[in-house]
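**Student:** My structure is below; once you've seen it, I'll send some questions.
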Amino acid sequence: MAAVLTVLVLFLAVFLAGFILLVIGAINFDFSNSEIPPGVNQPAKLRIIHVILICTAVVGRILENIGICTQVSFVRYMQGRRTLGKDPKLFIKDLWFEKVPVRIYQPKAPSASQRRGVMFFHGGGWVFGSLETHEELCRFLARESESVVVSVGYRLAPEHKYPAAYQDCLSATLHFLQHLQHYGVDPARVTVCGDSAGGNLAAAVSQSLAGSSELPRLRAQILIYPGLQALDFNLPSYQQNRGVPLLFRERAAFYMLQYLNGNATKLEQVLEGSHIPVDIKLKYSKWLSPDNIPEKFKVRGYKPHVLLDCTTEVFETFKGFCEPTLCPLFAEDTIIQQLPESFILTCEYDVLRDDGLLYKKRLEDNGVPVTWYHLKDGFHGIINSFNSDWFSFPAGKRGLENIV
């Protein structure tokens, strides 16, 4: 018995030591491959948040290696553990719109008129995020703007590849627009809203509904640091912020590939730009060119990227990146011209910053009114930490107040 206990203790000690070494190794790798620019407010806080995320991913990898669960499922579980309980100012109910799970937030206070409606699509790179991860944000939006907010629990990659997430968001939005009277929502004041990947989905849904004569016209689209294209990961913001938490350049491309193909086997080709033929890049250059980005956003450094070609076989894998329902930046002008008034929030220290700037220009060039709010000290994901006690940032609160 003593011998068995000794072996067990030794095994646990070795396992624990290995686990600690893995975590330390991950943290060291993070420190050597990441950079927090001096313009970020409270850099130590951001570093701690990033280390926590890295540790969660490492534990998930260990659990996957020993056959308990996948890394993705563990990270999702950890992200969605927090429960908030009832809200004294809101009715909150889980429903299904067609086959899509949604959570509806309705203000309890009586209203003399019909309320605004907000379709909200959460971020998380199409791989993570859920109704739970954005619960507090949706509650805040519903309370502060006195709106009926519908949060959409769309299907996630890599289990469900493109266009699953887009189809779910569009389907839920169509259902809501067809049943506004059930929720006391004004048909003339319905908005689509989303952060990061959710901003991508909001833009795609807005484009799909543009020009529809059978449904109420959207009042606005609110795009919070959206990812809107996957042809060029060498724009100024991708170069300047490639190692800035919470979204590295490589991870931005990784998530796009997970959504498109369910894997990231050709990540390096996408990063270097050899996944799209030159003639197609030239076709879209009028919308994607770094020349369309104001010079003040290049002062932190930018090196023009040489155009690389690719084979027809490689392009077959990535041709989905040319579809506007995946990359809304590339919709035709006839669609862009019909879009509703838009609000775009960008962050200086975010790889997706230039996606937002390029889309802002496209909208303005086509006569669409745009309200642009730029967080000079912001980073990707800052909005969702607006009320996370110690982990909140002043810039995130400012951004959210402007959204409201």
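The values are calculated or read from the model by the stated rules, or taken from the named source; none is laboratory data. The model shown is predicted, which means the values in this text are computed figures rather than measured ones. Neighbour counts run over all protein chains shown; Cβ positions are idealised from the backbone, glycine included. For accessibility, only protein heavy atoms count, side chains too; no ligands or nucleic acids. Shrake-Rupley method; radii C 1.70, N 1.55, O 1.52, S 1.80 Å.
**Student:** Cβ contacts < 6 Å: first residue more than 16 Å from Cys327 (Cα to Cα), restricted to the stretch 234-257; second residue in a helix (DSSP H, G or I) and of a type in the set (Lys, Arg), any location; separation 6+ or different chain. Result?
**Tutor:** If the second residue must be in a helix (DSSP H, G or I) and of a type in the set (Lys, Arg), the pairs left are Ser237/Arg353; Tyr238/Arg249; Arg242/Arg249.
**Student:** Something else: Evaluate the stretch 338-359: report whether one residue or more is outside the structural domain of Glu35 (by the TED database) and free of Cβ contacts under 8 Å to residues at least 40 places away in the same chain.
**Tutor:** No: zero hits.
**Student:** Please go through the stretch 161-190 and pick out each residue that is among the polar types (S, T, N, Q) and open to solvent by 30 Å² or more (accessible area, probe 1.4 Å).
**Tutor:** Gln167, Ser171, Gln178, Gln181
**Student:** Counting only residues that are open to solvent by less than 100 Å² (accessible area, probe 1.4 Å) and out of contact with any His (no Cβ under 7 Å at 6 or more places or on another chain), how many does the stretch 78-117 have?
**Tutor:** The total comes to 25.
**Student:** Can you tell me which of (1) more than 19 Å from Thr346 (Cβ to Cβ); (2) small (Gly, Ala, Ser); (3) surrounded by fewer than 18 Cβ atoms within 10 Å (Cβ to Cβ) is the one Ser289 doesn't meet?
**Tutor:** (1)
**Student:** What residue, of Pro294, Pro277, Pro187, is under 23 Å from His175 (Cβ atoms) and not hydroxyl-bearing (Ser, Thr, Tyr)?
**Tutor:** Pro187
**Student:** Considering only residues that are over 22 Å from Glu316 (Cα atoms) and in a loop (DSSP other than H, G, I, E, B), which ones fall in the stretch 234-274?
**Tutor:** Scanning the stretch 234-274 gives Leu235, Asn241, Arg242, Gly243, Val244, Pro245, Leu246, Leu247, Phe248.
**Student:** When you scan the stretch 375-382, do you find a residue that is buried (at least 16 other Cβ atoms within 10 Å of the Cβ) and at positive phi, even just one?
**Tutor:** Yes - at least one qualifying residue is present in the stretch 375-382.
**Student:** Among the residues of the stretch 129-160, write down those that are charged (D, E, K, R), open to solvent by 30 Å² or more (accessible area, probe 1.4 Å) and within 16 Å of the chain's Cα centre (by Cα).
**Tutor:** Within the stretch 129-160, Glu132, Arg155 qualify.
**Student:** Out of Ala164, Ala172, Ala142, report the one residue that is farther than 26 Å from Leu357 by Cβ and free of Cβ contacts under 8 Å to residues at least 40 places away in the same chain.
**Tutor:** Just a single option satisfies the conditions, and that option is Ala164.
**Student:** Does Ser213 count as among the hydroxyl-bearing types (Ser, Thr, Tyr) and within 22 Å of Gln338 (Cα to Cα)?
**Tutor:** It is true that Ser213 is among the hydroxyl-bearing types (Ser, Thr, Tyr) and within 22 Å of Gln338 (Cα to Cα).
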